[in-house]
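Chemist: Take this structure, written in structure tokens, and hold onto it; I'll ask about it next.
Please treat every number below as a calculation from the coordinates, not as lab data. These numbers come from a predicted model, not from an experiment. So basically every Cβ, Gly included, is an ideal-geometry build from the backbone, and we count neighbours across all protein chains shown.
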Amino acid sequence: MSFLGEYSSDSAPIFFLIAFIVLFIHDLLRFKISLPFTHPIYQAFFIFFIFIVVAAFFNFFNISEYYFKYTSGWVRYLKQLISVILAYFMLFYLFYNVCINLGVIKTFFIVRKTMFWSLIVVFIVGLIQFLIYSGVTQLIGVYQLFDYLPFTRPTLYFELKRVNATAWRPPDLGIYVISISGFIFSYILTNKKWYRFIPFLLVIFLSVVSKSRTALVTVFLQLIFLGYFSYKNYYLFRNIFRKIVILLVCILPVVLMLKGDIIYDTINERIESLNFTDTKSDNARSNQSRFGIQYANFQVFKKYPITGIGWGQQAFESKELYPEWATKGNYEFKAYYLNEEVKSFPPGYNLYIRILAETGIIGFIFFIMFLSLIFYYTYKFLNSNEGYNYIGITLYVVFFGTLLMWLQIDSFRIYIFWLGLAMLICLRRIGNLGNNVKW
């Protein structure tokens, strides 16, 4: 599936592509293509996409001369353009039509239930992996049985002791945790049973044992975000929140007295993982690479501030601009990012800086308009439909989590974002939610 480009590293696009082809052929035969052409959010991204297409031609001659990792500038441009089309058209078209046909509420609960059962499987695998790292090596044989599951590759990282569960790498588990957190938290808002807290506690557990810095920070901020909107919109949650605070006040001092050293060491380890001035650890080296690449890409923006260098072109320019503090003593640049034999291009590690570098300030303004409309319509729905606040809160968390992930990822290949966007736009259609919905 190499023709899928960056999507070929995942198994999910295979199923999305099959479903899209079947749906699209079905709609073509009916002469009916369902897309929200008149919705301001969809129009905003369409304007941004059109600018992506044309902005490269402002740097036509440079792109024609670019060549890196056996790839020309225009080939890179086309591949990255296709990547955006797959997200903007294929993923959104599929999710949007599902929401139209099933209705947003039914889609919401089906997605949430699917996420819940996937969370159970991921938690079981992750727990076994965590116990192995803790010294229960007898479980290695049990862990290896999960290799028989389709699209999984169980791998033990004994050196770093990072849990990846069914994901390819620990950071991928972090992305999974961030993606499902909003939907899983909604169990607390829609269920009155005592065990409604358990699913979200599993999310917290996985975000900690994955040792993903992005997951830890994002889930923590999402939790604050969730708490604020839930406290504001749900009287029941206010009572729950008060009980949790009282419980913490009573239990936390005892826990700190008994396990204070362990808690301190754990927190200190996570803080140290963010220190990129120390070049001795793998985490520090990874931070050096990330910040160094982001710095170089921002220098590209400074060279081409108005219309950018062209979509997909930042690596051609930034490879000459990596700072010495990032490359000195850092094998990653020589082994991966600047190695012509490694065909994959260095990731930009930040979508916002990438958009600045490749589309300039004009493209960045279009993108910010798109994001602003998303939060405007989510806020508008949240304050107009008290009976469905849990959907609005969930979508807020999905979009907020995506915004934070884009500080570490420079791709639109975040499936939960396009699903959330499809649900949000469908909410404008009264029949897709309920007869009493007005906004």
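Chemist: Going through the stretch 156-198, which trypsin sites (Lys or Arg not before Pro) have at most 13 other Cβ atoms within 10 Å and a DSSP loop state?
Modeler: Taking the stretch 156-198 and a limit of 13 other Cβ atoms within 10 Å, the loop trypsin sites (Lys or Arg not before Pro) found are LYS192, LYS193.
Chemist: Separate question: What does the helix-only formula give at 222 nm for the chain: each DSSP H stretch with n ≥ 4 adding -39500 (n - 2.57), the total divided by the residues, and the result rounded to the nearest 500 deg cm²/dmol?
Modeler: -21500 deg cm²/dmol
Chemist: Still on this model: Pull up the cross-link candidates among the lysines for LYS328, meaning alpha carbon to alpha carbon under 21 Å and not fewer than 8 places away within one chain.
Modeler: Of all the lysines, those that pass the test against LYS328 - Cα under 21 Å, at least 8 places apart if same chain - are LYS280, LYS319.
Chemist: Need the full-extension length gain, PHE37 to PHE109, defined as separation in residues times 0.36 nm minus the C-alpha distance. One decimal, nm.
Modeler: Extending this stretch completely gives an extra 23.3 nm.
Chemist: Same structure again: Where the centre of each part is set by its Cα atoms, how far does the stretch 179-202 sit from the stretch 358-399, in angstrom?
Modeler: Between the Cα centres of the stretch 179-202 and the stretch 358-399 lies a distance of 23 Å.
Chemist: Taking θ as phi - 60°, what are the ³J(HN,Hα) couplings along the stretch 197-206 by the Karplus curve (6.51, -1.76, 1.60), each to the nearest whole Hz, with x for Gly and Pro?
Modeler: Taking θ as phi minus 60°, the curve returns 7, 4, x, 6, 5, 5, 4, 4, 4, 5 Hz for the stretch 197-206.
Chemist: I've got another one for you. Can you give the longest run of the chain that contains no GluC sites (Glu not before Pro) sitting in a DSSP loop with at most 11 other Cβ atoms inside 10 Å?
Modeler: 160-319
Chemist: Moving to a separate point now. Where in the stretch 101-188 are there chymotrypsin sites (Phe, Trp or Tyr not before Pro) that are in a DSSP coil and have at most 12 other Cβ atoms within 10 angstrom of their Cβ? All intermediate terms of the calculation are to be shown ahead of the outcome.
Modeler: Numbers: sites: PHE108, PHE109, PHE116, TRP117, PHE123, PHE130, TYR133, TYR143, PHE146, TYR148, PHE151, TYR157, PHE158, TRP168, TYR176, PHE183, PHE185, TYR187; in loops: PHE151, TYR157, PHE158, TRP168.
Listed in order of number, the matching sites are PHE151, PHE158.
Chemist: Another question about this same structure. Tell me the Kirkwood hydrodynamic radius of the stretch 313-375 in angstroms, computed as one over the mean inverse distance between distinct C-alpha pairs.
Modeler: Value: 13.5 Å, from the Cα pair sum.
Chemist: By how many nm would the segment from LEU149 to ILE82 lengthen if fully extended, with 0.36 nm per residue of separation less the alpha-carbon distance?
Modeler: This chain segment gains 21.1 nm when fully extended.
Chemist: Which stretch or stretches of the stretch 120-149 have amide N atoms under 17 Å from the point lying 7 Å from ILE18's Cα along the Cα→Cβ direction?
Modeler: 149
Chemist: First measure r as the distance between the Cβ atoms of PHE375 and PHE61, then evaluate 1/(1 + (r/R0)^6) with R0 = 45 Å and state the FRET efficiency to the nearest 0.05.
Modeler: Result of the calculation: an efficiency of 0.70.
Chemist: Right, another one. Along Cα→Cβ, 7 Å out, is where each label goes; now give me the distance between the ones at ILE246 and LEU29 in nm to one decimal.
Modeler: Distance between label points: 6.2 nm.
Chemist: Among the listed pairs LYS243/LYS380; LYS79/LYS113; LYS113/LYS193, which have their C-alpha atoms separated by more than 26 angstrom in this model?
Modeler: LYS243/LYS380; LYS79/LYS113
Chemist: Using the beta-carbon distance between ALA335 and SER72 and R0 = 22 Å, what value does 1/(1 + (r/R0)^6) give for FRET efficiency, to the nearest 0.05?
Modeler: 0.40
Chemist: List the trypsin sites (Lys or Arg not before Pro) in the stretch 1-98 that DSSP assigns to loop (not H, G, I, E or B) and whose Cβ has at most 10 other Cβ atoms within 10 Å. Which are they?
Modeler: Passing both the DSSP loop test and the Cβ count: ARG30, LYS32.
Chemist: In whole Hz, what ³J(HN,Hα) sequence does the stretch 183-195 give by Karplus (6.51, -1.76, 1.60; θ = phi - 60°), x for Gly and Pro?
Modeler: 5, 5, 4, 4, 4, 5, 8, 10, 10, 9, 6, 5, 7
Chemist: Right, here's the next one. I need the peptides 10-22, 299-311 ranked by packing, meaning the mean over residues of other C-beta atoms within 10 angstrom, with the highest value on top.
Modeler: For the peptides 10-22, 299-311, the packing ranking is 299-311, 10-22.
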